[in-house]
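Comments concern the structure below.
The values are calculated or read from the model by the stated rules, or taken from the named source; none is laboratory data. The shown structure was predicted, so the numbers you read here are calculated from the model rather than taken from an experiment. Don't worry about glycine lacking a Cβ; one is built from the backbone with ideal geometry, like all the others, and counts go over all protein chains shown.
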Amino acid sequence: MHIEELYEKFCRDFRKSVNLTRLSSTTEWTKEILKYFSCLGENENEQYKIYANPKDIEKVERSYLVDLCWSKEGKEGKEGHDYKDYKGLEFILESEWSTEEDEIMWDFCKLIDIKANLKVMVICIEERRINGIVEEMAATIKKGDLKLKEEIYLVIIFVPLPSVYNPERYIIKGCRIDSNGINQSLQPTDFNLTN
C-alpha cells in the first residue's frame, strides 16, 4: 500500500469505524487510532503480526519499538512465528496527542530511527502550527545520518476547530515527506464529531 492510498483510506474509513465525541479524551483518540490501523493490518492480503501497546488494543502482541507496527513474519506454525521467515516491518506508527512540539518530535524521531516501508505519524495541532511542525519534521529527516532513499513518511494531522480546547469538528490534513525532507500536502478532509 502506498502512502497516498493509506491516507485516502484512513480519511474515508476512520470516521465510520469510531464513535468519538467532542468530550473524548486523548487516550480514547489514541486507542481508536491504534485499533483502526491494527484492523487495517489484519485485513491486508499479506500476513502481518500486529504489535501494539496492549492497554490500547486487545488481542495483539506487546508493543515493539513504536505505538503500533505490522511485522512480516510468515505464517504462524505450531510453535508461533519462526524468525527464519522474518522479512521486516511493513508499517510503523506513532500517535502523539500532546500539542507540545517536543513531545511530538521525540515520537517522530522514533520513526526516523526504524526501517519500515510505511511510516506514519498522527498528531493533533492547531492549523497555525502545521507549517512549522512539518518543516521541523522535514529538517530532522534531512539532517539524519542514516536513512534509506526510499523512505516516505505520512503525517496525519487532526486540526481541531474552533480550538484544541473546545473542538466541535476536525479537519484531517495529510503530508507526505520523503528522505530528502521534501514535503507535499495531501487532500484535506472534514471529520465531524458525534455529539
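Hey, does the stretch 102-121 have a residue that's out of contact with any helix residue (DSSP H, G or I) (no Cβ under 9 Å at 6 or more places or on another chain), of a type in the set (Asp, Glu), within 22 Å of residue 20 (Cβ to Cβ) and surrounded by 17 or more Cβ atoms within 10 Å (Cβ to Cβ)? Yes.
Here's the yes/no breakdown for (1) modelled with pLDDT under 95; (2) under 24 Å from residue 168 (Cβ atoms):
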| site | (1), (2) |
| --- | --- |
| 120 | no, no |
| 133 | no, yes |
| 143 | yes, no |
| 148 | yes, no |
| 155 | no, yes |
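Condition (residue is in contact with a Gly (Cβ under 8 Å, 6 or more places away or on another chain) and surrounded by fewer than 19 Cβ atoms within 10 Å (Cβ to Cβ)) applied to the stretch 151-173: is it met by at least one residue? No, the stretch 151-173 contains no residue that is in contact with a Gly (Cβ under 8 Å, 6 or more places away or on another chain) and surrounded by fewer than 19 Cβ atoms within 10 Å (Cβ to Cβ). Counting only residues that are without any contact (Cβ under 8 Å) to a residue 24 or more places away in the chain and surrounded by 17 or more Cβ atoms within 10 Å (Cβ to Cβ), which one in the stretch 22-52 is farthest from residue 117 (Cα to Cα)? Within the stretch 22-52, the match that is farthest from residue 117 (Cα to Cα) is 32. Among the conditions (1) surrounded by 14 or more Cβ atoms within 10 Å (Cβ to Cβ); (2) out of contact with any Phe, Trp or Tyr (no Cβ under 6 Å at 6 or more places or on another chain); (3) not in a strand (DSSP E or B), residue 137 misses just one, which is (2). Scanning the stretch 184-195 for residues that are surrounded by 13 or more Cβ atoms within 10 Å (Cβ to Cβ) and closer than 16 Å to residue 33 by Cα, we see that the one that is nearest to the chain's Cα centre (by Cα) is 191. The set of residues in the stretch 174-183 that are in a loop (DSSP other than H, G, I, E, B), without any contact (Cβ under 8 Å) to a residue 40 or more places away in the chain and surrounded by 15 or more Cβ atoms within 10 Å (Cβ to Cβ) contains only 179. Among the residues of the stretch 110-130, those identified as in contact (Cβ under 8 Å) with a residue 40 or more places away in the chain and of a type outside the set (Gly, Ala, Ser) are 110, 111, 114, 118, 120, 122, 124, 127, 130. The residues in the stretch 51-82 that are outside any loop (DSSP other than H, G, I, E, B), more than 23 Å from residue 109 (Cβ to Cβ) and modelled with pLDDT of 65 or more can be counted, and the count is 1. If you check 28, 5 for being part of a helix (DSSP H, G or I), within 19 Å of residue 94 (Cβ to Cβ) and out of contact with any helix residue (DSSP H, G or I) (no Cβ under 6 Å at 6 or more places or on another chain), only one passes: 28. Scanning the stretch 146-173 for residues that are of a type outside the set (Asp, Glu), outside any strand (DSSP E or B) and within 22 Å of residue 2 (Cβ to Cβ) gives 147, 148, 149.
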